[in-house]
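Undergrad: What follows is a single structure, and I will ask about it in a moment.
The values are calculated or read from the model by the stated rules, or taken from the named source; none is laboratory data. The model shown is predicted, which means the values in this text are computed figures rather than measured ones. When we count neighbours, we look across all protein chains shown, and the Cβ atoms used for this are built from the backbone with ideal geometry, even at glycine.
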Amino acid sequence: MSAALEITGLHAWYGESHILHGIDLCVPRGQVVTLLGRNGAGRTTTLRAIMGLVGTRKGSIKVHGQETITWPTHRIAHLGLGYCPEERGIFASLSAEENLRLPPRLKAGRGTAMTEAQIYAMFPNLAERKASQGTRLSGGEQQMLAVARILRTGADILLLDEISEGLAPVIVQALAQMITALKQQGFTIVMVEQNFRFAARLADHFYVIEHGHVALSFPASELAARQDALDELLGV
């Protein structure tokens, strides 16, 4: 299976702070990969480094086989990457529909962006609330809107940062169904997650990040056998 993302020896800095210390990751096309770790371990910085959103990067980041380590963010996005940050970035002054229509359609890996009709079919709550101001949506609806905006761009690799955080169990279940549906459609997904139960149901492969490097890497089939090591690394 070919790699959608291949990261080798990735180092990243914020100013003088050296955050990532040689991250190695491989994300096959069409799979869900989860980055686990304690707060401050470097998981979010890894996503931001993939998108070119950190001050300095060194190493190799290949997207669909194309080296991007020296590229600016807008050029990386045109390869089909979409980043959903933890803070979601919903515009308060715009309606849900206007937020959805805001991003441009990019010539991305899938070649075509999802239409509004396809998005509303996947997120019926957004169809019902499309006239509502962005910040009048519930937390779960805002999270769905943040993901939906990425799907309109045509991205086929989704970088999702803590999308289940602080949400009610029924909404977390809806997000799990969304990720399952996107995987079935051929999307590649990299998730940073604290909710281990949520991630365990969805991921094909896990990487545990500790102090800016990969401390553990294993497929979902080995999850039970790795539980003790995981508990120790995650402080469970």
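Undergrad: Kindly evaluate SER217 against the criterion of being more than 13 Å from the chain's Cα centre (by Cα), hydroxyl-bearing (Ser, Thr, Tyr), modelled with pLDDT of 90 or more and closer than 30 Å to SER2 by Cβ.
TA: yes
Undergrad: Conditions first: (1) of a type outside the set (Val, Ile, Thr); (2) surrounded by 15 or more Cβ atoms within 10 Å (Cβ to Cβ); (3) in contact (Cβ under 8 Å) with a residue 60 or more places away in the chain. GLY235 passes all but one, so which condition is the exception?
TA: Just one mismatch for GLY235, condition (2).
Undergrad: Scanning for something in a helix (DSSP H, G or I) and buried (at least 21 other Cβ atoms within 10 Å of the Cβ), does the stretch 117-126 turn up at least one residue?
TA: The answer is yes, given that some residue of the stretch 117-126 is in a helix (DSSP H, G or I) and buried (at least 21 other Cβ atoms within 10 Å of the Cβ).
Undergrad: Can you name every residue in the stretch 25-45 that is out of contact with any Phe, Trp or Tyr (no Cβ under 9 Å at 6 or more places or on another chain) and either surrounded by fewer than 18 Cβ atoms within 10 Å (Cβ to Cβ) or of a type in the set (Ser, Thr, Tyr) (or both)?
TA: Matches in the stretch 25-45: CYS26, PRO28, ARG29, ARG38, ASN39, GLY40, THR44.
Undergrad: Of all residues in the stretch 87-98, which are touching a Ser or Thr at 6+ places or on another chain (Cβ under 7 Å) and of a type outside the set (S, T, N, Q)? It would help to see each step written out before you state the result.
TA: Residues of the stretch 87-98 touching a Ser or Thr at 6+ places or on another chain (Cβ under 7 Å): 90, 92, 95-96.
Scanning the stretch 87-98 gives ILE90, ALA92, ALA96.
Undergrad: Look through ALA12, ALA3 and report the one residue that is touching a residue at least 24 places away in the same chain (Cβ under 8 Å), crowded, with 21+ Cβ neighbours inside 10 Å and not basic (Lys, Arg).
TA: Values: ALA3 fails: crowded, with 21+ Cβ neighbours inside 10 Å.
Answer to the check: ALA12.
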